[in-house]
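**Q** Before I ask anything, let me first share the structure, which is written out below as structure tokens.
Coordinate-derived values only; no laboratory data. These numbers were taken from a predicted model, which means no experiment stands behind them. Because the Cβ atoms are built from the backbone with ideal geometry, glycine has one as well, and the counts that use them run over all protein chains shown.
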């Protein structure tokens, strides 16, 4: 069974492939069905796990690490 973190990562990957840039936290929240504060917490975990990187103080600056794709 997929965790909310796995569902979130899958959404980010598919969104970036479709649009060419990363989704906003609001778009992630609406797609995954969890509140924005939980999105922020999940993003922190994904970054600590080395599955994504984020640009400092930049909106939509999310890079998915190759092994996560």
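**Q** Residues in the range 45-64 that are over 12 Å from residue 5 (Cα atoms) and exposed (fewer than 14 other Cβ atoms within 10 Å of the Cβ): how many?
**A** Of the residues in that region, 10 qualify.
**Q** Could you check, for the range 3-14, whether at least one of its residues is exposed (fewer than 12 other Cβ atoms within 10 Å of the Cβ), farther than 18 Å from residue 66 by Cβ and touching a helix residue (DSSP H, G or I) at 6+ places or on another chain (Cβ under 8 Å)?
**A** Just the residues of the range 3-14 that are exposed (fewer than 12 other Cβ atoms within 10 Å of the Cβ), to begin with: 3.
Next cut, farther than 18 Å from residue 66 by Cβ only: 3.
Filter once more, so that each one left must be touching a helix residue (DSSP H, G or I) at 6+ places or on another chain (Cβ under 8 Å): none.
No, there is no match, as no residue in the range 3-14 is exposed (fewer than 12 other Cβ atoms within 10 Å of the Cβ), farther than 18 Å from residue 66 by Cβ and touching a helix residue (DSSP H, G or I) at 6+ places or on another chain (Cβ under 8 Å).
**Q** How many residues, within the range 28-69, are touching a residue at least 12 places away in the same chain (Cβ under 8 Å) and touching a helix residue (DSSP H, G or I) at 6+ places or on another chain (Cβ under 7 Å)?
**A** 16
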